[in-house]
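Data block below; observations after.
The values are calculated or read from the model by the stated rules, or taken from the named source; none is laboratory data. Not measured: the values here are computed from a predicted model. Ideal geometry is used to build each Cβ from the backbone, glycine not excepted, and the neighbour counts take in all protein chains shown. We work out accessible area using only protein heavy atoms, side chains counted, and drop any ligands, DNA or RNA first. Shrake-Rupley method; radii C 1.70, N 1.55, O 1.52, S 1.80 Å.
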Amino acid sequence: MADLVWLIPAFPLLGFVLILLFGRRLGDPKAGYLASAMVLGSFVVAVGAYFDLVGRPEGERAEITTLFSWVPVSALQVDMAFLADPLSIGMCLFVTGIAFLIHLFAIGYMHGDPKFSKFFLYLNLFVLSMVVLVLGENLLVTFLGWEGVGTCSYLLISFWHDRESAATAGKKAFVTNRVGDWGFMLAMFLGFSAVGSVSYSALNGAAVAGTLAETTATGIAVLLFVGAVGKSAQLPLYFWLPDAMEGPTPVSALIHAATMVTAGVFLLTRVNPVIAVSADWVPTLIAWVGLATALFAATVALAQNDIKKVLAYSTVSQLGFMFLAIGSGAYVAAIFHMITHAAFKALLFLGSGSVIHGMHDEQDMRKMGRLRAFMPVTAGTFIIGWLAIAGVPPFSGFWSKDEILLFTLAKSPVMYVIALFTAILTAFYMTRQVIMVFFGEATWESHAEEHGAHGEFKPHESSPIMLFPLVVLAALAAVLGIIQLPSLSWMPDVLRYRLEDWLHPLVEFGEANITDTTAYANKGLLAILATACALAGIVLAVLVYQRKKIKAVEPQILADGWYYDRTITSFMGGPGRAAFDATAAFDAKVVDGAVNGTGTLVRAAGGQVRKGQTGFIRGYAAIVGLGVVLMLAWFVLGRGVL
Amino acid sequence: MQTITTDNWLLTVGTFLPLVGVLVLIFIPKGEEQLIKTLGIVTAGATLAVGIFTMFRFDFGQAEKLQFFVDVTWIEVIRSNYTIGLDGISLPLYLLSMVITFLVMIYTWDNMPDAGNPKAFYILMLLLQVGMAGTFIAQDLILFFVFFELVLLPMYFMIGVWGGEDRRYASLKFFLYTMFGSALMLVAFLALFFQTGAESFGFAQLIEAGAGIDRNVQIWIFAGMFIGFAVKVPMFPFHTWLPDAHTQAPTQGSVILAAILLKLGTYGFVRIAIPMLPEGAKAWAPVIAILAVIGIIYGALCCLAQTDMKRLIAFSSVAHMGFVMLGIATLTEFGINAALFGMIAHGWITGMLFFVAGAVKHRYHTLEIKRLSGLLTQVPRLGWILGLCAMASLGLPGLAGFWGEFPVILSAYNPGFGLSEPLFRTLMVIAALGTVLAAAYLLWLYQRTAFGEPTEEFAGRTTHAVGAAVAPDHADDHHDAHHDEELRDVTVTEWIAWTPLLIAIVVFGVYPQLMFRVFDPAVTELVARLGESLNP
């Protein structure tokens, strides 16, 4: 079935075309059902492809499907081709699976929106782009998907574009991503000129064979990392992601938490042989950027009051963990965390969407509280998501984060300490959120009038079509750890390292590389330490926000994200603006001024010359005569004609 | 250069058929507007039909050869021949000119510029078509020059008569600036002719003989051609006529100007300057590349400061043509292929953007960005078309614009014939930044015009059907006579004129090799020939 892999993008493409043509007629909710069915179709094909690949011997788990020759220009021969291998099919499985659930949720969430069918049009286009991104056999096909998801992200962030903030946020996301794409493009150029092809097999093959020079590999790795930094919202380009929350909540869950923003992690994993042969400082750089982002975003999340903003910064922070994993050589752990994160973060976002829906479009957590009594299913599933992200065993997030921490310690104890501290912060801010929303005191009653309900306002639980995805995702968030359990002594062998076995040999750098470190020897202890930290964060938050034993510290500087975003905005509005205006003024005054100046000069000169046009024949004759004499003189004296 | 002479009547018919239309139109009374428009469209349609037939007769397997070749004596005394032919480089441009003229004429059906007089307008467009098509088939320098100049006058009148408020200044500037370039170009042509001592002005002879000219002389002759073509492209710093011409030109003029006229300059480089003067081209290539990249960044920065939609699109042309020129300056197969693709893609995309700008102007009577807002609310389809074109223009993969940018930047990594790699790689990095800026100015434009709520000034106007009920309340507040006029979304005429371009933008974006396959053999031949003279 791996040869039918083209069906995975074909389904959402069909959905896109059908909704484009008949969306208005299908309307609410049929367009949503159609779109969901298409994504389900892709998921089914992905499952089929998975079983096909699993049944094959390890060496044959790759199948290239070439649709057509895409760019045949002299030396550049690029095919529109898909690569079905464990990494891409694994990505497809979770992308289409979670996308399907989010599509279902959106049918309920977007119900009644006048642009209902347009929403699903974009959503299908997004899924199409995303699977093209992960299935791409070469960098250019991936780039097509990469830009495609960026466009869909733009369209969906600005979905409610009559709101100024939404319109601006979309543009900001796209332009910031383009900065990253600049790196991606240059990486492709470098790769192409080094190996004469943009296909992954050629590039990785050259890296493995040792024909890729270290400097070239370094350049490619760093430039691709620049692309990843843009797409996956890492420092210094992270600032578009919190603003992206202007989009409808299912979009935040699908694009800005579960799938698109992890594309950078996927890309670096895809080219891991290149990173392996690049200079040593490259992985270290990646690890530090990831770690710094993780810490930075976690501190900002501590002081956010918008329910979605907390989750947005949390996403930035968790993505930082994934890059930390990549920088530490733990590609499997990065993918593992990507998958568990996709489940629990999608769950949390959809849960927040359910809350926003139930609260009549209220997003301020200070106006919530005690919602568990009114929204039991949402609260229950959200709590599972919370435990998963906080790193409480046996929920999924614990296993993936633990593995990252293990590799981090093997790389550098300093990094480990910072990462562990970030894990405490994560548990703390997520507990804060859960308490503010679902526990504590009901603060929404005093704001009821704002919602126009005049005392009658009551939060309500969402419809079944929204709750079903929550329940499924909660189940996944609880048990997904099973796909990659560590080799602790009491663990049965069959359960160990499932993901690593599956991804082998695409990702060479498994645990074998660190088996001789002290970190590895004490991994049981590390797991206990990580659990203790998670619990410490939770207990601390309970003391602050539930019991009110400790006064909450939420400095303004954190709420404002260390003023980073504001600085950039004022730079673009100040010196940036001045630069464009200066260029335009230069163009009008100097460049065009020279042209008009020449015009004036010629006219003035013409005015002078005109005075010679006296109209007297004898004057002209004299000039003609003089000319003849001069020419004759030139011919005779100069050229020796006579 | 090998030639094929089968069906060689096709090009002459295709090029001069519009003149038949002109002859007929002259005898139709001015008042018969419907008849005039119909005849104009029929003529352009027939011309396009001949063009399409030509395409089917074209042997794509031998796209590097000049096909439909004719070579007869024309003006014996100056040894200029009527030499015409078509190869893979010129075929797409030749067809593009026919398609654009046809679509523009359809658009004019109910979008006649305010000055009226469709008779003169259609005659000018037909004349323009002769000049454009002729430029792309000419294989003789004098013939080329005549067609090249023939284009100038109709466009001058189009801007000068049917243009906006500053039309006289803009049209005169356009005319004089281009004439200035042409004068230098003509001198360069003559110098080339005399220096080679060639038998005729035929391209083939001059390409044979040009390489033999002393390097320093080549550099001087190239300089003349460079200025002539660079003004037309236009390259920084010769671009300032363009924003004025575009802003003042009627929509039809802007579309033709952007889609075809600018390409005459880039085509001149590919067809004449570079193959005839290889050493000159090599010496000038770094200069061209530097100016091209300055144009990319400079044009984009200027875009960010514009307040007028049409002016912004005009400056974006400076940036986009910068990519085209960078591709040509690399002197590689790859770069020239991409540059040619970029020329065609820019024709569709920027042509469409000007169409949309015209439609906005028609509906709102202004193109000032700050007065426009909420197109997606008031005229959603128009808003969507603008969005698609903006995305195509910023080089989104999957749409045509990408293939004129991405491979160009890539080609700068390894420029041909020993051109300085450090220089071109630096330029590559900077040019790639241009794509970031392109996203910034186009999305800024889109946000300002299409997103948001309609501005107060136009908020009362609703899309047709509901319009009449709301409008009268506001009619007293404003003296704008157009205020209570209802807003229409994209009309049938507009759909007919635009759909082919929109389809082309998507189809060639997804499947670019349709076009690359046509160019590639001819470009390969061109670069191989360069190689013979540069690395003997």
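Based on what the data block shows, is A:Ala106 within 22 Å of B:Phe508 (Cβ to Cβ), away from every other protein chain (no Cβ under 13 Å) and touching a residue at least 24 places away in the same chain (Cβ under 8 Å)? Steps first, please.
Values: within 22 Å of B:Phe508 (Cβ to Cβ): no; away from every other protein chain (no Cβ under 13 Å): yes; touching a residue at least 24 places away in the same chain (Cβ under 8 Å): yes.
No: the conditions fail for A:Ala106.
List the helices (runs of 4 or more DSSP H) inside the range A:232-305, counting only whole elements, that have at least 2 residues being under 23 Å from A:Thr176 (Cα atoms) and open to solvent by less than 10 Å² (accessible area, probe 1.4 Å).
Passing ranges, in order: A:240-243, A:249-253, A:263-270, A:281-301.
Consider B:Ala285 against the criteria (1) in contact with a Lys or Arg (Cβ under 9 Å, 6 or more places away or on another chain); (2) more than 14 Å from chain A (Cβ to nearest Cβ): it satisfies all of them except one. Which criterion is unmet?
(1)
If I ask for residues that are more than 20 Å from A:Leu526 (Cβ to Cβ) and part of a loop (DSSP other than H, G, I, E, B), which ones from the range A:483-502 would you list?
The one that is more than 20 Å from A:Leu526 (Cβ to Cβ) and part of a loop (DSSP other than H, G, I, E, B): A:Pro492.
Would you mind listing the helices (runs of 4 or more DSSP H) fully within the range B:130-206 where at least 2 residues are farther than 30 Å from B:Ala115 by Cα and open to solvent by 10 Å² or more (accessible area, probe 1.4 Å)?
Qualifying helices (runs of 4 or more DSSP H): B:141-150, B:167-196.
Return the residues of the range B:331-359 that are away from chain A (no Cβ under 12 Å) and more than 17 Å from B:Gly265 (Cβ to Cβ); say none if nothing qualifies.
Once the filter is applied, which keeps residues that are away from chain A (no Cβ under 12 Å) and more than 17 Å from B:Gly265 (Cβ to Cβ), the range B:331-359 yields B:Leu331, B:Trp348, B:Ile349, B:Met352, B:Leu353, B:Phe354, B:Phe355, B:Val356, B:Ala357, B:Gly358, B:Ala359.
Taking into account only those residues within the range B:298-323 that are farther than 14 Å from B:Ala438 by Cβ and in a helix (DSSP H, G or I), which is nearest to the other protein chains (Cβ to nearest Cβ)? Steps first, answer last, please.
In the first step, residues of the range B:298-323 are kept if they are farther than 14 Å from B:Ala438 by Cβ; the result is B:305, B:307-311, B:314.
From what's left, in a helix (DSSP H, G or I): B:309-311, B:314.
Working: B:Met309: 15, B:Lys310: 15, B:Arg311: 10, B:Ala314: 12 Å.
The qualifying residue nearest to the other protein chains (Cβ to nearest Cβ) is B:Arg311.
Just to be sure I understand, how many residues within the range A:147-170 are under 17 Å from the mean Cα position of the chain (by Cα), among the polar types (S, T, N, Q) and open to solvent by 10 Å² or more (accessible area, probe 1.4 Å)?
Matching residues across the range A:147-170 total 1.
Before we move on, is A:Leu128 open to solvent by 20 Å² or more (accessible area, probe 1.4 Å) and at pLDDT 95 or above?
Against the criterion (open to solvent by 20 Å² or more (accessible area, probe 1.4 Å) and at pLDDT 95 or above), A:Leu128 qualifies.
Within the range A:136-146, can one find any residue that is within 14 Å of chain B (Cβ to nearest Cβ), among the acidic types (Asp, Glu) and buried (at least 24 other Cβ atoms within 10 Å of the Cβ)? Break it down stepwise before answering.
Of all residues in the range A:136-146, those within 14 Å of chain B (Cβ to nearest Cβ) come to A:136, A:138-146.
This time we only want the ones that are among the acidic types (Asp, Glu), so: none.
Checked against the condition, which is being within 14 Å of chain B (Cβ to nearest Cβ), among the acidic types (Asp, Glu) and buried (at least 24 other Cβ atoms within 10 Å of the Cβ), the range A:136-146 yields no hits at all.
Scan the range A:109-125 residue by residue and report those that are open to solvent by 10 Å² or more (accessible area, probe 1.4 Å) and more than 14 Å from every other protein chain (Cβ to nearest Cβ).
A:Tyr109, A:His111, A:Gly112, A:Asp113 - these are the residues of the range A:109-125 that are open to solvent by 10 Å² or more (accessible area, probe 1.4 Å) and more than 14 Å from every other protein chain (Cβ to nearest Cβ).
So that you can scan it fast, the table gives a plain yes or no per residue for (1) within 14 Å of another protein chain (Cβ to nearest Cβ); (2) open to solvent by 100 Å² or more (accessible area, probe 1.4 Å); (3) farther than 30 Å from B:Phe236 by Cα; (4) acidic (Asp, Glu):
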{"site": "A:Gly593", "(1), (2), (3), (4)": "yes, no, no, no"}
{"site": "A:Gly597", "(1), (2), (3), (4)": "yes, no, no, no"}
{"site": "A:Leu601", "(1), (2), (3), (4)": "yes, yes, no, no"}
{"site": "A:Ala604", "(1), (2), (3), (4)": "no, no, no, no"}
{"site": "A:Val609", "(1), (2), (3), (4)": "no, yes, yes, no"}
{"site": "A:Ala621", "(1), (2), (3), (4)": "no, no, yes, no"}
{"site": "A:Gly625", "(1), (2), (3), (4)": "no, no, yes, no"}
{"site": "A:Leu630", "(1), (2), (3), (4)": "no, yes, yes, no"}
{"site": "A:Ala633", "(1), (2), (3), (4)": "no, no, yes, no"}
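Which residues, counting only those in the range B:405-428, are closer than 20 Å to B:Ser317 by Cα and either within 8 Å of chain A (Cβ to nearest Cβ) or open to solvent by 20 Å² or more (accessible area, probe 1.4 Å) (or both)?
Correct list: B:Phe406, B:Pro407, B:Ile409, B:Met428.
Consider B:Ser80 carefully, then state whether it is within 18 Å of B:Val151 (Cβ to Cβ) and either in contact with a helix residue (DSSP H, G or I) (Cβ under 6 Å, 6 or more places away or on another chain) or open to solvent by less than 40 Å² (accessible area, probe 1.4 Å) (or both).
No, not satisfied.
For (1) at negative phi; (2) within 14 Å of chain A (Cβ to nearest Cβ); (3) assigned to a loop (DSSP other than H, G, I, E, B); (4) modelled with pLDDT under 90, each residue gets a yes or a no:
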position: B:Gly212; (1), (2), (3), (4): yes, no, yes, yes
position: B:Trp220; (1), (2), (3), (4): yes, no, no, no
position: B:Asp244; (1), (2), (3), (4): yes, yes, no, no
position: B:Gln252; (1), (2), (3), (4): yes, no, no, no
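Being in contact (Cβ under 8 Å) with a residue 60 or more places away in the chain, open to solvent by less than 20 Å² (accessible area, probe 1.4 Å), more than 10 Å from every other protein chain (Cβ to nearest Cβ) and touching a Gly at 6+ places or on another chain (Cβ under 6 Å), is that true of even one residue in the range B:360-381?
Checked the range B:360-381: at least one residue is in contact (Cβ under 8 Å) with a residue 60 or more places away in the chain, open to solvent by less than 20 Å² (accessible area, probe 1.4 Å), more than 10 Å from every other protein chain (Cβ to nearest Cβ) and touching a Gly at 6+ places or on another chain (Cβ under 6 Å).
Can you tell me how many residues within the range A:392-423 are β-branched (Val, Ile, Thr), open to solvent by 10 Å² or more (accessible area, probe 1.4 Å) and in contact with a Leu (Cβ under 8 Å, 6 or more places away or on another chain)?
2
Given the criteria at pLDDT below 95 and within 14 Å of chain B (Cβ to nearest Cβ), does A:Asp79 qualify?
On the way: at pLDDT below 95: yes; within 14 Å of chain B (Cβ to nearest Cβ): yes.
Considered against the rule, which asks whether it is at pLDDT below 95 and within 14 Å of chain B (Cβ to nearest Cβ), A:Asp79 comes out as yes.
Can you find, within the range B:388-404, the residue that is farthest from the other protein chains (Cβ to nearest Cβ) among those that are in a helix (DSSP H, G or I) and open to solvent by 10 Å² or more (accessible area, probe 1.4 Å)?
Let us first name the residues in the range B:388-404 that are in a helix (DSSP H, G or I), namely B:388-393, B:402-404.
The next check asks that each one be open to solvent by 10 Å² or more (accessible area, probe 1.4 Å); those that pass are B:388, B:391.
Details: B:Leu388: 11, B:Met391: 6 Å.
Within the range B:388-404, the match that is farthest from the other protein chains (Cβ to nearest Cβ) is B:Leu388.
Do we have any residue at all in the range A:521-528 that's within 14 Å of chain B (Cβ to nearest Cβ) and either not acidic (Asp, Glu) or not in a helix (DSSP H, G or I) (or both)?
no
Considering the range B:294-321 alone, what residues qualify as being β-branched (Val, Ile, Thr) and in contact with a Gly (Cβ under 9 Å, 6 or more places away or on another chain)?
Correct list: B:Ile294, B:Ile296, B:Ile297, B:Val318.
Out of A:Val222, A:Val271, I need the residue that is modelled with pLDDT under 95 and touching a helix residue (DSSP H, G or I) at 6+ places or on another chain (Cβ under 7 Å). Which one?
A:Val271
I'm trying to understand the selection: among the residues of the range B:436-475, which are modelled with pLDDT of 80 or more, in a helix (DSSP H, G or I) and open to solvent by less than 30 Å² (accessible area, probe 1.4 Å)?
Those that are modelled with pLDDT of 80 or more, in a helix (DSSP H, G or I) and open to solvent by less than 30 Å² (accessible area, probe 1.4 Å): B:Val436, B:Ala438, B:Ala439, B:Ala440, B:Tyr441, B:Leu442, B:Leu443, B:Leu445, B:Tyr446, B:Gln447, B:Thr449, B:Phe458.
Could you check the range A:187-197 and list, in sequence order, the residues that are open to solvent by 10 Å² or more (accessible area, probe 1.4 Å) and either outside any helix (DSSP H, G or I) or within 7 Å of chain B (Cβ to nearest Cβ) (or both)? Give the steps one after another, and end with the answer.
Taking the range A:187-197 and keeping what is open to solvent by 10 Å² or more (accessible area, probe 1.4 Å), we get A:190, A:192-197.
Correct list: A:Phe192, A:Ser193, A:Gly196, A:Ser197.
Rundown of residues vs (1) outside any helix (DSSP H, G or I); (2) polar (S, T, N, Q); (3) more than 53 Å from the chain's Cα centre (by Cα); (4) farther than 30 Å from A:Ala303 by Cα, yes/no style:
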{"residue": "A:Ser570", "(1), (2), (3), (4)": "no, yes, no, no"}
{"residue": "A:Arg577", "(1), (2), (3), (4)": "no, no, no, yes"}
{"residue": "A:Ala584", "(1), (2), (3), (4)": "no, no, no, yes"}
{"residue": "A:Thr598", "(1), (2), (3), (4)": "no, yes, no, yes"}
{"residue": "A:Leu632", "(1), (2), (3), (4)": "no, no, yes, yes"}
